[in-house]
């Protein structure tokens with residue numbers, strides 16, 4: 001029996017439910033940026049007599065890209081529609097590129113009004129329209145309340161033709177403090193899930209490793225949100241802060257000087273909504289303070305919502321990180337690798353506590 005450490009990466013692609021012969025390589029890019037995952041595949045043109053007719057004439061092509069570490073158990077890495085096909089009869093190959101099923105929501109314009117529906121009802125409605133199953137956490141607030149005196153600024157305004165179903169879902173997710181994404185054939189609309197550490201990395205277990213710091217973001221950061229609420233006839237200012245490594249030019253210290261200040265102006269927020277937005281933007285900024293990039297043997301457990309731990313570098317980069325993007329590449333001759341980009345703040349950074357919040361109200 002061969003040692004269990006030996007891997008036999010294999011690649012399988014289904015096109016409209018049928019197995020594709022002659023698959024040479026596939027690349028899948030996964031992210032957590034409120035965007036569709038992307039994929040590309042390369043196929044031998046003459047591996048199947050029907051390949052030329054199928055890829056040159058079929059209007060709608062749905063691909064299911066599957067990968068395996070042992071050649072037996074396959075995992076679906078991405079499912080989505082092909083956007084672009086490139087046939088090269090001289091080299092005898094087909095290149096196909098596409099996006100996951102988020103693309104259907106991205107490309108569907110909406111002019112409907114949903115003022116009396118909740119966010120979860122809208123998410124379930126959109127999922128059903130595109131034959132997606134749904135994993136949706138129930139919400140109770142009619143979305144019309146999010147627009148207040150703006151009279152449904154997205155769905156009812158004169159520019160509603162520029163709004164897509166995906167734009168609306170992302171907006172509603174941000175109002176609810178939710179995450180929204182498509183995984184396989186399921187639309188998820190739910191609070192961010194608490195993730196366990198899915199993988200531990202060390203320099204001897206990767207092919208390439210880069211550790212980056214932003215000294216600008218290592219300083220104190222202050223995010224201020226200003227809003228005029230037309231219904232309450234009041235102006236709100238909410239400020240959230242994070243305290244970095246401390247001032248001074250000593251070893252490992254932050255830069256001297258005032259904090260980095262960011263100001264966001266958003267209309268018709270309540271005081272609580274302004275505070276929530278300030279804290280959200282502060283977290284987004286500080287998570288870019290430390291970024292690690294690693295190339296490693298491919299695996300099939302990580303998602304863009306996983307956590308990883310870096311250890312044994314002998315530096316302050318040894319800590320836990322949020323996975324930002326995953327790029328998997330499987331070539332039938334070149335093997336299976338993946339590239340990770342992960343981010344987080346320095347663990348000693350102190351986020352703003354409620355007692356630190358600065359709130360002002362002007363009538």
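At a glance:
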quantity: Within segment 333-355, considering residues that are out of contact with any strand residue (DSSP E or B) (no Cβ under 6 Å at 6 or more places or on another chain) and surrounded by fewer than 18 Cβ atoms within 10 Å (Cβ to Cβ), the one modelled with the lowest pLDDT; calculated: 355
quantity: Positions within segment 315-332 being in a loop (DSSP other than H, G, I, E, B) and within 16 Å of residue 206 (Cα to Cα), in sequence order; calculated: 317, 318
quantity: Which numbered condition residue 77 misses (of (1) without any contact (Cβ under 8 Å) to a residue 60 or more places away in the chain; (2) more than 19 Å from residue 163 (Cα to Cα)); calculated: (1)
quantity: Subset of segment 24-33 that is surrounded by 17 or more Cβ atoms within 10 Å (Cβ to Cβ) and within 15 Å of the chain's Cα centre (by Cα) - its residue that is nearest to residue 68 (Cα to Cα); calculated: 28
quantity: Residue tally, condition modelled with pLDDT of 95 or more and within 22 Å of residue 40 (Cα to Cα), over segment 304-322; calculated: 0
quantity: Neighbours by Cβ (under 6 Å, 6+ apart or cross-chain): first from segment 325-354, under 27 Å from residue 35 (Cα atoms); second modelled with pLDDT under 85 and surrounded by fewer than 17 Cβ atoms within 10 Å (Cβ to Cβ); calculated: 343/288
quantity: Members of segment 1-18 that are touching a residue at least 60 places away in the same chain (Cβ under 8 Å) and either touching a helix residue (DSSP H, G or I) at 6+ places or on another chain (Cβ under 6 Å) or assigned to a loop (DSSP other than H, G, I, E, B) (or both); calculated: 7, 8, 9
quantity: Given (1) farther than 18 Å from residue 216 by Cα; (2) under 22 Å from the mean Cα position of the chain (by Cα); (3) assigned by TED's automatic domain parsing to the domain that holds residue 219, number of the condition residue 338 does not satisfy; calculated: (3)
quantity: Single residue of 50, 56 found to be without any contact (Cβ under 8 Å) to a residue 40 or more places away in the chain and either under 30 Å from residue 105 (Cβ atoms) or surrounded by 17 or more Cβ atoms within 10 Å (Cβ to Cβ) (or both); calculated: 56
quantity: Within segment 207-235, tally of residues that are crowded, with 18+ Cβ neighbours inside 10 Å and either farther than 19 Å from residue 345 by Cα or modelled with pLDDT under 80 (or both); calculated: 10
quantity: Unmet requirement for residue 34, which otherwise passes all of (1) outside any strand (DSSP E or B); (2) at pLDDT 95 or above; calculated: (2)
quantity: Verdict on residue 94 being closer than 28 Å to residue 31 by Cα, touching a residue at least 24 places away in the same chain (Cβ under 8 Å) and more than 27 Å from the chain's Cα centre (by Cα); calculated: yes
quantity: Residues that are assigned to a strand (DSSP E or B) and out of contact with any helix residue (DSSP H, G or I) (no Cβ under 8 Å at 6 or more places or on another chain), drawn from segment 70-98; calculated: 75, 76, 77, 78, 79, 82, 84, 86, 95, 97, 98
quantity: Which numbered condition residue 21 misses (of (1) in a strand (DSSP E or B); (2) free of Cβ contacts under 8 Å to residues at least 40 places away in the same chain; (3) surrounded by 12 or more Cβ atoms within 10 Å (Cβ to Cβ)); calculated: (1)
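The values are calculated or read from the model by the stated rules, or taken from the named source; none is laboratory data. These numbers come from a predicted model, not from an experiment. Cβ: placed from backbone, ideal geometry, glycine included. Neighbour counts: every protein chain shown.
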